[in-house]
Amino acid sequence: MDKIKVKAIIEIAGFPKEHIEETMNKVVEKLKKDFEVIQSQIFETVALKDKMEGFWSTFNETDLNFKDIQELIIFCFEYMPSSLEII
């Protein structure tokens, strides 16, 4: 059976900015240990405006391969991606 190729977006928001960046780096490291990551990119941390002043947000876009649907479901429960595209 062919592998399931997925593009996922994982977001983190909170404060302070340094904590958000450090946490995202740890998430990507763990993701690479747990699953077959093809490519991963972390985007710039930005300040949230308006009602959430003082909060910061960053996200990562990752391409992954899964051996079966069960592994994909495990990924979804463990990492709670905000967006998931099955290619």
- [ ] Within the range 52-70, track down each residue that is in a loop (DSSP other than H, G, I, E, B) and either open to solvent by 90 Å² or more (accessible area, probe 1.4 Å) or aromatic (Phe, Trp, Tyr) (or both).
- [x] GLU53, PHE55, LYS67
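Return the residue satisfying two criteria in turn: it lies in the range 27-51 and is exposed (fewer than 10 other Cβ atoms within 10 Å of the Cβ) and part of a helix (DSSP H, G or I), and of such residues it is modelled with the highest pLDDT. Walk me through it before giving the result.
Filtering the range 27-51 down to residues exposed (fewer than 10 other Cβ atoms within 10 Å of the Cβ) leaves 33, 39, 44, 49-51.
Checking which are part of a helix (DSSP H, G or I) leaves us with 33, 50-51.
Details: LYS33: 96, ASP50: 71, LYS51: 68.
My answer is LYS33.
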TODO: Just name the residue that is farthest from PRO81 (Cα to Cα) out of those in the range 1-26 that are in contact (Cβ under 8 Å) with a residue 24 or more places away in the chain and open to solvent by 90 Å² or more (accessible area, probe 1.4 Å).
DONE: MET1
TODO: Any chance you could count how many residues in the range 71-87 are in contact (Cβ under 8 Å) with a residue 12 or more places away in the chain, closer than 14 Å to ILE10 by Cβ and in a helix (DSSP H, G or I)?
DONE: 3
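The values are calculated or read from the model by the stated rules, or taken from the named source; none is laboratory data. Note that the structure is a prediction, hence the values are computed from the model and not measured. Positions of Cβ are backbone-derived with ideal geometry, glycine not excepted, and every protein chain shown enters the neighbour counts. Accessible surface is based on the protein model in full, side chains and every heavy atom, while ligands, DNA and RNA are left aside. Shrake-Rupley method; radii C 1.70, N 1.55, O 1.52, S 1.80 Å.
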